[in-house]
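Worksheet: the structure to be examined is printed underneath.
The values are calculated or read from the model by the stated rules, or taken from the named source; none is laboratory data. On a predicted model such as this, the values are computed, not experimentally measured, just so you know. Counting neighbours? That spans all protein chains shown, and the Cβs are built from the backbone with ideal geometry, glycine included. Accessible surface is based on the protein model in full, side chains and every heavy atom, while ligands, DNA and RNA are left aside. Shrake-Rupley method; radii C 1.70, N 1.55, O 1.52, S 1.80 Å.
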Amino acid sequence: MVIIGAGKAGARAPISLREHGWKGRITLIGEEPLAPYDRPPLSKAAMTAAEEPAPVFLLDDELLQALDVTFIANATATDIDRAEKEVVLADGRRIPYQKLLIATGARARRLALPGAERALMLRDFHESVALRAACAPGRSVAIIGGGFIGLELAASASQRGCKVTVIEAQPRILMRGVTEAVARRIAARHEAAGVVLLTGIGVERIEADAVVLSDGRRIPAEIVIAGIGAAPAVALAEASGLALDNGIACDVEMRTSDPDIYAAGDCCSFPHGLYGGRRLRLEAWRSAQDQAAVAAENMLGGHRQFTAVPWFWSDQYELNLQIAGLPSDGVSSCTRPMKDDAFIEFHLDGEGRLVGASGIGRGNAIARDIKLAEMLIAKGARPDQAALAHPDVALRGLLK
Amino acid sequence: MPHWVEACDRDDVEPEDVIRFDHDGRTFAIYRAPDDRYYATEGLCTHEEAHLADGLVMDHIIECPKHNGRFDYRTGAAQGAPVCINLKTYPVKLEAGKVMIDLA
Ligand SMILES: Cc1cc2nc3c(=O)[nH]c(=O)nc-3n(C[C@H](O)[C@H](O)[C@H](O)COP(=O)(O)OP(=O)(O)OC[C@H]3O[C@@H](n4cnc5c(N)ncnc54)[C@H](O)[C@@H]3O)c2cc1C
Ligand code: FES
């Protein structure tokens, strides 16, 4: 068993392979110098830590050893010789496989405009260390992109004492996948922290000490960060002739167009049973882990399908946002107000089926009810809207 | 030597639910299982220290509110990624309608 990509999905696969009784060899190939570590803290705790942070390892040396995994660091897989069933590494080494899992994740998109080389980006641990050092107290920081990474970095940088401006081309922040009410709450929190949010405006170029907007305004910036999304890492799959469709195209069992090759995580798309077999690509931590578990089981001959409800969280300041399901599939919605200004919006499709829930609140305020919403979504429940919106009606009761 | 402390009234916890109990600078989680037995564990998740009492009890599992790590609260056993360190558990007894836990 060979796994390419030592991130969230790549770290989960060996655990699942062993859990399901695989006694043979497991080789994990990773391009980065580090053993698999967790990415979500990179924009959050790692940025605000008082001391220079250490990576949060998903598999450390001890675990790699306990799982009997051969881990090859600093190794980029450049090709898959599917006829010979061998993975080809950049240095020419060839690693034979019986079954292969591709878990190459996604890469931060690069800006394409004059001065773009000045913009820092965030996907890996070393970039996070560099960003933390760059965002020293008092510095002016311009963040291009008002998506999750951009906003989490804005929160972290402002907590570090930077003067932060976020520049978003869309009419509002978090256009993709986040409702207007939730986005408004997040925007207000940023503004209360002194972050300037500029929306509906593009960037013309980046100069040595400023970002120049498309209307000619100059935003002074000692540090420029680009957070404009991520693209699936498919170079390897493409070179090996695997079918692509918004990432590596998988079936419901996470198998690619080659029956001996599976994929999991941010790099792949798959038909989601819960949403009428519609092809989705998720960029989310829990999905990466769960897809890897499904793929691992199937690499050993299983036929499990990935049907888990999509789930995502983001932490900014003391606020915690959680989204279950696909809110944008809803045609109507209702809101449950909760203690301490928290709320959850429920999204229902044309047949009254719950398809998504978006919640925001301090700390863990919405976690439990989002979980219950997730369970309702998984069941295809059609809960009464008045009950959903009523804070005194226990969601657990709607499950029965 | 056992060191029993009173955590709450038995009715303070709903069936298949959990509440938080703070004592002497430490935090605990008190569970009432669907079969009306009571259990106690340390209060913070072993992954990133979220309060487990904010999580959801499903049967004998507590799911962490932060990243959905799961534990069997009867034994403290971690149920797989992202949690791999077990929770400490504490003996529980009921006395005159009170839930008592042994912190020894
Ligand atoms: C800063 C940041 C914050 C995030 N915060 C959240 C959050 O709050 N909540 C949430 O749900 N999700 C969050 N995410 C998303 C989450 O981390 C990802 O969904 C998850 O890491 C995806 O796992 P993966 O295994 O698919 O890819 P990755 O974790 O990206 O791992 C892929 C690995 O493969 C390696 N690789 C790529 N190509 C090759 C090759 N050819 N050969 C060898 N190795 C290769 C890469 O170097 C990388 O190490 C965040 C992501 C980032 C970057
Ligand atoms: S803090 Fe509990 S699972 Fe992460």
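Let me cross-check B:His60: its accessible surface, 1.4 Å probe, with only protein heavy atoms counted, in Å² to the nearest 10?
Probe radius 1.4 Å; accessible area of B:His60 about 40 Å².
Show me the three semi-axes of the equivalent ellipsoid for region A:257-400, from the C-alpha gyration tensor (sqrt of 5 times each eigenvalue), largest first, rounded to whole Å.
30, 17, 12
Could you work out the relative contact order of region B:4-102, using alpha carbon pairs under 8 angstrom and six or more residues apart, expressed as a whole percent?
27 percent
What are the residues whose amide H is under 5 Å from the amide H of A:Arg304, where those residues sit 5 or more places off or on another chain and H is modelled from the backbone?
Close amide H contacts, sequence-distant or interchain: A:Asn298.
Number of Lys pairs in the protein assembly as shown with C-alpha atoms less than 13 angstrom apart, excluding same-chain neighbours closer than eight positions?
Taking the Cα cut-off of 13 Å, the pair count is 4.
Report ³J(HN,Hα) in whole Hz for each residue of region A:320-329, in order, from the Karplus equation J = 6.51 cos²θ - 1.76 cosθ + 1.60 where θ = phi - 60°; Gly and Pro get x.
These are the phi-based 3J(HN,Hα) values: 10, 10, 9, 10, 10, x, 10, x, 5, 7 Hz.
Counting alpha carbon pairs within less than 8 Å and at least 6 residues apart, what relative contact order, in whole percent, applies to chain A?
Contact order relative to length: 14 percent.
Taking every alpha carbon pair in region A:110-226, what does the distance histogram look like in 10 angstrom bins from 0, in percent?
15, 49, 33, 3
Around A:Val164, which amide H atoms from residues at least 5 apart in sequence, or from another chain, sit under 5 Å from its own amide H, with H modelled in the peptide plane?
Hits under the 5 Å cutoff: A:Val141, A:Val196.
Remind me, relative contact order of region A:203-292 in percent, using alpha carbon pairs under 8 angstrom and six or more residues apart?
Relative contact order of region A:203-292: 16 percent.
Kindly write out, for region A:304-311 in residue order, the coupling ³J(HN,Hα) from the Karplus curve 6.51 cos²θ - 1.76 cosθ + 1.60 (θ = phi - 60°), rounded to whole Hz, with x marking Gly and Pro.
Per residue, the Karplus-derived 3J(HN,Hα) values read 7, 10, 8, 10, 4, 5, x, 8 Hz.
Averaged over A:57-64, how many beta carbons belonging to a partner chain fall within 10 Å of each residue's beta carbon?
That works out to 1 on average.
With N set to the residue count of region A:318-398, report its C-alpha Rg divided by 2.2 N^0.38 Å to two decimal places.
Scaled against compact globular proteins, the figure is 0.97.
With θ set to phi - 60° and the Karplus curve 6.51 cos²θ - 1.76 cosθ + 1.60, what are the ³J(HN,Hα) couplings of region A:43-56 in order, to the nearest whole Hz, using x for Gly and Pro?
For region A:43-56, the Karplus curve yields 9, 10, 4, 5, 6, 9, 4, 5, 9, 4, x, 9, x, 8 Hz.
Report the accessible surface area buried between chains B and A, summing both sides, using a 1.4 Å probe on protein heavy atoms only, in Å² rounded to the nearest 100.
Using a 1.4 Å probe on protein heavy atoms, the buried area is about 1500 Å².
Return the equivalent ellipsoid semi-axes of chain B as a descending list in whole Å, where each equals the square root of 5 times an eigenvalue of the C-alpha gyration tensor.
Semi-axes from the Cα gyration tensor: 21, 15, 11 Å.
Run the helix sum for the protein assembly as shown: -39,500 (n - 2.57) per DSSP H stretch of 4+ residues, divided by residue count, reported at 222 nm to the nearest 500 deg cm²/dmol.
Result for the protein assembly as shown, helices only: -5500 deg cm²/dmol.
Debye sum, Cα scatterers, the protein assembly as shown, no solvent: what log₁₀ I/I(0) at q = 0.06 1/Å?
Scattering profile of the protein assembly as shown, log10 relative to I(0): -0.30.
Name the residues of region B:36-55, by number, that are at least 50 Å² less accessible with every protein chain in place than in the isolated chain; the surface is that of heavy atoms, probe 1.4 Å, without ligands or nucleic acids.
With the partner chains in place, region B:36-55 has these residues losing at least 50 Å²: B:Asp54.
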